[in-house]
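Colleague: Have a look at this one before I ask anything.
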Amino acid sequence: MTEFLAFFKTLTPTGYLFLLLTALTVISAMGVVTARNPIYSVLALIATFFCLSGHYILLNAQFLAAVNIIVYAGAIMVLFLFTIMFLNLRREDEEAKTNLTKIASVIVGGTLMVMLIMIFRAKSSQLPVGSTVGFEPNTGMVENLGHLLYGSYILPFELASVLFLIAMVGAVMLGKREAGDRHF
Amino acid sequence: MFPIVLLSVFAVVLLFLGFLKSRSVLLPATLLFLVAALVANFLDWNKTYLYFNSMLRTDNLSMVFTAIVLLSSFLVVALSGSFEDDEAAQPAEYYAIILFSLVGAIMMIGYENLVMLFVGVEILSVAMYILTGSDKRNLRSNEAALKYFLMGAFATGIMLFGMALLYGASGSFTLAGIASYASHAQQGLSLIFYVGLLMLLVGLLFKVSAAPFHFWTPDVYDGAPTIFTAYMSTVVKTAGFAALLHLLAASFTYVYSFWGIILAVVTAITLIAGNVTAVYQNSFKRMMAYSSISHAGYLLIGLAALSAQSRQAIVFYSLAYSIATISAFGVLMLVTRQRGMQTLSSNPLSNESFDAFNGLAKQNPLLGLAMATSMLSLAGIPLTAGFWGKFYMFSTAVERGQIWLLVVAVLMSAVGIYYYFRVIIAMYFRDGATEPIRISPVFRYVLVAAIILTIGLGVAPGLLQGLF
Amino acid sequence: MQPTQDVLIPEVIQQIPLTYYLILSTVLFIIGIIGVLTRRNAIIIFMSIELMLNAVNLLLIAFSSYKSDSAGQVFVFFIMAVAAAEVSVGLAIIVMIYRNTRSIDVGLLNKLKW
Amino acid sequence: MQIGLLCALIPLLPLLGFVINGVGFRRVPTGLVGGIATLAVLASFLIVVSLFMSFPAEGGPQIVPLFDWISVGDLHIPFSFQIDQLSLLMLLVVTGVGTLIHLYSIGYMHHDEGFGKFMAFLNLFIFFMLLLVMGANYVIMFIGWEGVGLCSYLLIGFWNKNVSYNNAARKAFVMNRIGDLGFLLGIFTIINTFGTVEYVDVFKQATSLPMGDTTVLVIALLLFVGAMGKSAQVPLYTWLPDAMAGPTPVSALIHAATMVTAGIYMVVRSNVLYTLAPQALEVVGIIAIITALLAASIGLLQNDIKKVLAYSTVSQLGYMFLGLSATAYTAGMFHVITHAFFKALLFLGAGSVIHAMSNEQDIRKMGGLRKALPVTFITFAIGTWAISGLPPFAGFFSKDEILAHVFEHSKVLWALGVLGSGLTSFYMFRLLFLTFFGEFRGTAEQKHHLHESPATMTIPLIILAILSAVGGALNLPGGGWLSHFLEPIFEGSRQVNPEAFAESTIEHSTEYVLMAVSAGVALLALIAAYVMYISRKAVPASDEADRSMPEQVIYNKYYVDELYEAAIVRPIRSMGDTFYSFGEFAVDGLVNGVAWLVKQSSAQLRRLQSGSIGFYVFAMVLSIVLIFALRFFIRF
């Protein structure tokens, strides 16, 4: 405990910001899985993404922070929101899983979490921290990433377009209303 | 590399062909494209290349796997003629998605970087989610698609967590980088590395439906349209095993002592779960789903033993398994359609049960022979390709000294014979009032080719060995 | 620790051990898993999976920043791209099911069993 | 002429016959079908004879590599045939007896609508049997082994309209599978131990191992499990009597002369391994004597003419293994050969009777057939005489040689063996008397139809009868031709255990006494059968009569010999009944029990597949937790 307090004292405002963001992230993440109303879940997820973007900024990954907001919070979550609105899922129903299964799930998930944390905290899993000498602060800058993406990673980058084509064809094929189908 | 380019272009072309009024060009065009890709595949024969900053590797092993995948999809596509009669079907989209998904499969076969593996797995999986749900008005197909999608996405999450941890520990996404980190296993690796390894393994084991991560398989295979079940159970499985084999052989051989026993136990559980559960099934299609789990188990033997022969064993086994499975599903499709027309029953369950095969061999000797050959091959009876597949697999286990696993596998293959022979008994020894089923010429060629390949590889298994 | 010797290194990296990020993303990941396990609404399950993916993203960015190696961040791009594709297909499937059954409760989907 | 080509032709000719008849069985005219099939096997036989003639007397094995087959890592398996004394003998038997039975089938089956299919399957069977015998390594043997099993399955279920036929076929298949598993595991253990499956290399390496090596013991036992299945030893014997549901030529060819002796062939082939593992031989001996006695006592009371012969086959197979267990490999092989002659003869004779009786198989409805079927009667009588071990026919010499070696090995086993020989004699003569002597007991219509079979059926009978009569000359006591001929085969065994192959220690006088004893017992049994079924004209009770009151029938008809009844008939009957029920219920029960267990666990296991995504994901996460716990937290 005293160790922890000592650690607390060494922190600068950035450190406190990290702790605050962490707390916010975990709380909003829990909001996602516990909210009764799907709309609240979506909103909590968006909040989580914002917190995560904050973390990215702290980690000097500004470009990804921006992309995270634009792609995830902006595009993907809007899609979720649209679907929920269209399907009219505001009712707080159909959550009839028995408490037993819920408790069992939480216990198993919790066990996994405790195990993982114990493993990660163990001495033998510590990674050598990169020396400060060769540190490259521009790692997360768009210029750096762009070079890498269009250099070494050009092949997967191009092939990701195949994935988008599949997704596009598939989403249209599955989501299209056939003659005689209901609208929603 | 060439097949990837060709397939991507061809798939787009196919989408445009879909605008044409006539649907009848689609099937020949797709078959032509697949043959072209197959030919292009062998352009690099006997050369080893690393393309695009070591993203993709082509060597003889990867080309053989690619050829198996392309051959399987050729056979499956050839059997898919029924789309022409079906109003609701959208063959252009189906074929395009199949060709696109083959790009993913080839990425999984030839990847040298985890990014490629990840994108490849996703291309293949997303395509499969779509194809599973392609029978849009059928509730069973819908349910299968949702199950497959949710569980597949979950498994992807686990796989990604593993990749991230591996990156964290080794500082690299390339297989070579991970291998060079793992080669210091004597000095002790970070536990993070091991956690990452396990999670990545779990993610991939899910994709090849190894127990206890197999639960999605029976439901999805059962609910998906039969033609796509045939595709999933062959192409996806082959690609998955190629990916696992390459991953374990290239990166993780140094830490075999860590994962070897886990994989061996998973193998045993898979064998037992697949074979034993298949015994009680009444639906042929569902039986085939469990049988595909059990065959994943046999294939895993080669991975759990990871020896010099594993490559050869897995190549041979996947080829034998793919051919037999496709022809079995092909016969099933014909029978189901025929019975469906005769009885006018809308209940698909009764059309896919074992009883649907009663007396088949008397009216349709070719169908009976094709089905019997593939069942014998799946059961591993000598002089069929399946026997040698099992033989190779078992000898890898022997070489590793995993005798207990061998005993389990041999016992379970005996259980397997029970349910495979149910079909043969139904076809040859039961009476069923049926008129002959009309077989289109393409179907006939495919079935005959499958019979010849199965028996040919069973008589002279050395033929394939000359290839690499 | 001497915080200001090399101003180019982000403060967080100087002050917070990498393990904390590991733990944070593990916690997020597990919350996602528990969400998948406990919820029956397909969309919420799907969102929990998105949460898992974001935990991975955080982990990758943390590793990448601490090692000052850009590859991890490039990987995050790919995860985002794939997630976007997956979402479009997944939501299409969910819409399709909703059309047929008027429900997206996965507990009601048990025609395929045994 | 090239030996390689000749060897390849031997199995290829029957295969060709199969292809012609099998592919075109709707188009080949019925008249040609039988000719093609028989000629194919006959040609093989002639090639075998020419090979046999040119084979050097003291020659070592000739390996005929055909092509490189497979190589898995360090393991190379060529596709090659091995021609040596042992395989030549087996080839002669298989193709020789095979030809006769093909010929016979033309007469027996040509009315059947599936005649072409039938002949095609027979040819296929011969092909696989030849592979089994000629292969130069265990893998080829295994392929032949599985192949003959498959053909046997197809042929038992040939008249597949009847449900019980199907069940019989399935039972045969399941039991054989159990054996095959043992064989397969044995092969893999051989690969693991010796790194090769070639006979020559395996045995060369094995000779350098010490006696009683554990690995060799395991291999020998596993291989013997395979032999138990194929050669119908306790407890895997119940399929053989059931297999009689197939057409009679099939019973003669597969279930008497050739396939069921594959187990003996395998043990003789692997004699070095067995000599190295005396414990394995002891196990073989115990199982063999149990089988011989059990089957013989069941045979006492069977009323189906083919079932009697089937149990007798099981019992004779037991004798062969008994010989092997006393390292009398030559004697075992000798009995295989003579048994092939007389048992094929008996089955074909039985087929001829059934043919004449319009498919009646119950001996209670026969009787007095010797006048109507003279050729069948004489040949059948010779066969009976031979199998009973009465001089001077073949069975006497072969059985006697086995018993002499067993005597040297263990007096108890010898005594039991002699007892079994008496039982054999009794039930065989019972069969003979009930069928061919006395009054005809069938319907008038059947009586009207009685006729001698056509020449295609009687010629094989006559040839086999001659062979059964003079077959003993192959290996007369005191070092006959066969034991000299086979000597090179056992060179390896002699090296590892010279004592077992030392000159016989029994004196000639003792040997003659032994012969006299066994012949005497058989003769006594003959007389007992004669008294019971000719003098007293006893006819076994019909199934409908109450089994607990069997004496009633005899009681009402004759002057009562209560003593005789109580002392002999009843104990024998109850013994037979007990053993029969042991076989039917205990063994089958065990097999069915295992099947039931698998099915039940299947029913339970599939409940896990609950259809709920939540559960599936839960199972996944739980497994991950377990794996992590095992790998990181629990040390063991």
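The values are calculated or read from the model by the stated rules, or taken from the named source; none is laboratory data. These numbers come from a predicted model, not from an experiment. We place every Cβ from the backbone using ideal geometry, glycine too, and count neighbours over all the protein chains shown.
Colleague: Taking the condition of being surrounded by fewer than 24 Cβ atoms within 10 Å (Cβ to Cβ) and over 16 Å from residue D:422 (Cα atoms), how many residues in region D:378-403 meet it?
Modeller: Qualifying residue count, region D:378-403: 3.
Colleague: Just checking, which of B:396, B:373 is touching a residue at least 40 places away in the same chain (Cβ under 8 Å), polar (S, T, N, Q), surrounded by 20 or more Cβ atoms within 10 Å (Cβ to Cβ) and within 10 Å of another protein chain (Cβ to nearest Cβ)? Quick ask: steps written out before the conclusion?
Modeller: Values: B:373 fails: within 10 Å of another protein chain (Cβ to nearest Cβ).
Going through B:396, B:373 in turn, just one is touching a residue at least 40 places away in the same chain (Cβ under 8 Å), polar (S, T, N, Q), surrounded by 20 or more Cβ atoms within 10 Å (Cβ to Cβ) and within 10 Å of another protein chain (Cβ to nearest Cβ): B:396.
Colleague: Moving to a separate point now. Take the conditions more than 28 Å from residue D:238 (Cβ to Cβ) and under 21 Å from the mean Cα position of the chain (by Cα) and apply them to residue D:330. Does it pass?
Modeller: Numbers: more than 28 Å from residue D:238 (Cβ to Cβ): yes; under 21 Å from the mean Cα position of the chain (by Cα): yes.
Taking the combined requirement at face value, the residue satisfies it.
Colleague: If I ask for residues that are touching a helix residue (DSSP H, G or I) at 6+ places or on another chain (Cβ under 6 Å) and touching a residue at least 60 places away in the same chain (Cβ under 8 Å), which ones from region C:80-106 would you list?
Modeller: C:104, C:106
Colleague: For residue A:120, indicate whether it is over 30 Å from residue D:634 (Cα atoms), aromatic (Phe, Trp, Tyr) and not assigned by TED's automatic domain parsing to the domain that holds residue A:144. Walk me through how you get there before you give the answer.
Modeller: Working: over 30 Å from residue D:634 (Cα atoms): no; aromatic (Phe, Trp, Tyr): yes; not assigned by TED's automatic domain parsing to the domain that holds residue A:144: yes.
For residue A:120, the condition - over 30 Å from residue D:634 (Cα atoms), aromatic (Phe, Trp, Tyr) and not assigned by TED's automatic domain parsing to the domain that holds residue A:144 - is not met.
Colleague: Something else about it: Would you check which residues across region A:117-159 are modelled with pLDDT of 85 or more, crowded, with 18+ Cβ neighbours inside 10 Å, under 30 Å from residue B:107 (Cβ atoms) and facing chain B (nearest Cβ under 7 Å) and list them?
Modeller: A:152, A:153, A:155, A:156, A:159
Colleague: If I filter region C:60-74 for residues that are at the interface with another protein chain (Cβ under 7 Å from one of its Cβ atoms), under 20 Å from the mean Cα position of the chain (by Cα), surrounded by fewer than 22 Cβ atoms within 10 Å (Cβ to Cβ) and of a type in the set (A, V, I, L, M), do I get at least one hit?
Modeller: No, because not a single residue in region C:60-74 is at the interface with another protein chain (Cβ under 7 Å from one of its Cβ atoms), under 20 Å from the mean Cα position of the chain (by Cα), surrounded by fewer than 22 Cβ atoms within 10 Å (Cβ to Cβ) and of a type in the set (A, V, I, L, M).
Colleague: Sticking with this structure for a sec: Does residue B:323 satisfy the criteria of being in contact (Cβ under 8 Å) with a residue 12 or more places away in the chain and under 19 Å from the mean Cα position of the chain (by Cα)? Talk me through it step by step, then tell me what you get.
Modeller: Values: in contact (Cβ under 8 Å) with a residue 12 or more places away in the chain: yes; under 19 Å from the mean Cα position of the chain (by Cα): yes.
Spelling it out, residue B:323 is indeed in contact (Cβ under 8 Å) with a residue 12 or more places away in the chain and under 19 Å from the mean Cα position of the chain (by Cα).
Colleague: So residue A:160 fits all but one of (1) touching a Gly at 6+ places or on another chain (Cβ under 9 Å); (2) under 20 Å from residue B:103 (Cβ atoms); what number is the exception?
Modeller: Among (1) touching a Gly at 6+ places or on another chain (Cβ under 9 Å); (2) under 20 Å from residue B:103 (Cβ atoms), residue A:160 violates only (1).
Colleague: Name every residue in region D:352-388 that is within 28 Å of residue D:320 (Cα to Cα) and either under 18 Å from the mean Cα position of the chain (by Cα) or of a type in the set (Asp, Glu) (or both), in order of residue number.
Modeller: Those that are within 28 Å of residue D:320 (Cα to Cα) and either under 18 Å from the mean Cα position of the chain (by Cα) or of a type in the set (Asp, Glu) (or both): D:383, D:384, D:386, D:387, D:388.
Colleague: Within region D:405-432, which residues are surrounded by fewer than 20 Cβ atoms within 10 Å (Cβ to Cβ) and of a type in the set (Ser, Thr, Tyr)?
Modeller: Answer for region D:405-432, where residues must be surrounded by fewer than 20 Cβ atoms within 10 Å (Cβ to Cβ) and of a type in the set (Ser, Thr, Tyr): just D:410.
Colleague: Go through region D:212-253 and tell me which helices (runs of 4 or more DSSP H), entirely inside it, have 1 or more residues that are among the hydroxyl-bearing types (Ser, Thr, Tyr).
Modeller: D:214-230, D:248-252
Colleague: Let me ask something else. With respect to the numbered conditions (1) surrounded by 24 or more Cβ atoms within 10 Å (Cβ to Cβ); (2) touching a helix residue (DSSP H, G or I) at 6+ places or on another chain (Cβ under 6 Å), which one is the sole condition not fulfilled by residue B:266?
Modeller: With (1) surrounded by 24 or more Cβ atoms within 10 Å (Cβ to Cβ); (2) touching a helix residue (DSSP H, G or I) at 6+ places or on another chain (Cβ under 6 Å) applied to residue B:266, the lone miss is (2).
Colleague: Could we say that residue B:406 is within 8 Å of chain D (Cβ to nearest Cβ), surrounded by 23 or more Cβ atoms within 10 Å (Cβ to Cβ), at pLDDT 90 or above and under 26 Å from residue B:305 (Cβ atoms) here?
Modeller: Working: within 8 Å of chain D (Cβ to nearest Cβ): yes; surrounded by 23 or more Cβ atoms within 10 Å (Cβ to Cβ): yes; at pLDDT 90 or above: yes; under 26 Å from residue B:305 (Cβ atoms): yes.
Yes; evaluated as a whole, the condition is true for this residue.
Colleague: Would you call residue C:69 closer than 30 Å to residue D:602 by Cα and charged (D, E, K, R)?
Modeller: Values: closer than 30 Å to residue D:602 by Cα: no; charged (D, E, K, R): yes.
Judged against the criteria, residue C:69 is not a match.
Colleague: Quick one: how many residues across region D:394-413 are under 14 Å from residue D:293 (Cα atoms) and free of Cβ contacts under 8 Å to residues at least 60 places away in the same chain?
Modeller: 1
Colleague: Now for a different question. In the set D:144, D:116, D:186, D:179, which member is more than 9 Å from chain B (Cβ to nearest Cβ), within 19 Å of the chain's Cα centre (by Cα) and in a helix (DSSP H, G or I)?
Modeller: Numbers: D:144 fails: more than 9 Å from chain B (Cβ to nearest Cβ); D:116 fails: within 19 Å of the chain's Cα centre (by Cα); D:186 fails: within 19 Å of the chain's Cα centre (by Cα).
When all the criteria are applied, what remains is D:179.
Colleague: Over 11 Å from the mean Cα position of the chain (by Cα), part of a helix (DSSP H, G or I), over 18 Å from residue C:27 (Cβ atoms) and facing another protein chain (nearest Cβ under 9 Å): is that true of residue A:75 in this structure?
Modeller: Details: over 11 Å from the mean Cα position of the chain (by Cα): yes; part of a helix (DSSP H, G or I): yes; over 18 Å from residue C:27 (Cβ atoms): yes; facing another protein chain (nearest Cβ under 9 Å): yes.
It is true that residue A:75 is over 11 Å from the mean Cα position of the chain (by Cα), part of a helix (DSSP H, G or I), over 18 Å from residue C:27 (Cβ atoms) and facing another protein chain (nearest Cβ under 9 Å).
Colleague: Does residue B:414 qualify as being in contact with a Leu (Cβ under 6 Å, 6 or more places away or on another chain), surrounded by fewer than 21 Cβ atoms within 10 Å (Cβ to Cβ) and within 13 Å of chain D (Cβ to nearest Cβ)? Working first, answer last.
Modeller: Values: in contact with a Leu (Cβ under 6 Å, 6 or more places away or on another chain): yes; surrounded by fewer than 21 Cβ atoms within 10 Å (Cβ to Cβ): yes; within 13 Å of chain D (Cβ to nearest Cβ): yes.
In short, yes.
Colleague: Only one of these conditions is not met by residue B:155: (1) surrounded by fewer than 24 Cβ atoms within 10 Å (Cβ to Cβ); (2) away from chain A (no Cβ under 11 Å); (3) farther than 24 Å from residue C:113 by Cβ; (4) in contact (Cβ under 8 Å) with a residue 12 or more places away in the chain. Which number is it?
Modeller: That leaves (3) as the condition not met.
Colleague: Taking interchain pairs and intrachain pairs at least six residues apart, which have beta carbon atoms under 7 angstrom, with the first residue in region A:43-64 and touching a residue at least 12 places away in the same chain (Cβ under 8 Å) and at negative phi and the second outside any helix (DSSP H, G or I) and of a type outside the set (A, V, I, L, M)?
Modeller: Between residues of region A:43-64 that are touching a residue at least 12 places away in the same chain (Cβ under 8 Å) and at negative phi and residues that are outside any helix (DSSP H, G or I) and of a type outside the set (A, V, I, L, M), the close pairs are A:58/C:10; A:59/C:10.
Colleague: For region D:57-105, which residues satisfy the criterion of being within 14 Å of chain B (Cβ to nearest Cβ) and out of contact with any strand residue (DSSP E or B) (no Cβ under 6 Å at 6 or more places or on another chain)? Outline the logic, then answer.
Modeller: Step one: filter region D:57-105 for residues within 14 Å of chain B (Cβ to nearest Cβ), giving D:65-80.
D:71, D:72, D:73, D:74, D:75, D:76, listed by residue number.
Colleague: Same structure again: Of the residues in region A:1-35, how many are closer than 16 Å to residue C:11 by Cβ, of a type in the set (A, V, I, L, M) and facing chain C (nearest Cβ under 7 Å)? Show your work before the answer.
Modeller: Of the residues in region A:1-35, the ones closer than 16 Å to residue C:11 by Cβ are A:7-22.
Keeping just the survivors that are of a type in the set (A, V, I, L, M) gives A:11, A:17, A:19-21.
The next check asks that each one be facing chain C (nearest Cβ under 7 Å); those that pass are A:11.
Total satisfying the criteria: 1.
Colleague: Going by what's in this entry, would residue C:13 be described as over 30 Å from residue B:145 (Cα atoms), more than 7 Å from chain A (Cβ to nearest Cβ), out of contact with any strand residue (DSSP E or B) (no Cβ under 7 Å at 6 or more places or on another chain) and not basic (Lys, Arg)?
Modeller: Working: over 30 Å from residue B:145 (Cα atoms): yes; more than 7 Å from chain A (Cβ to nearest Cβ): yes; out of contact with any strand residue (DSSP E or B) (no Cβ under 7 Å at 6 or more places or on another chain): yes; not basic (Lys, Arg): yes.
Criteria met by residue C:13.
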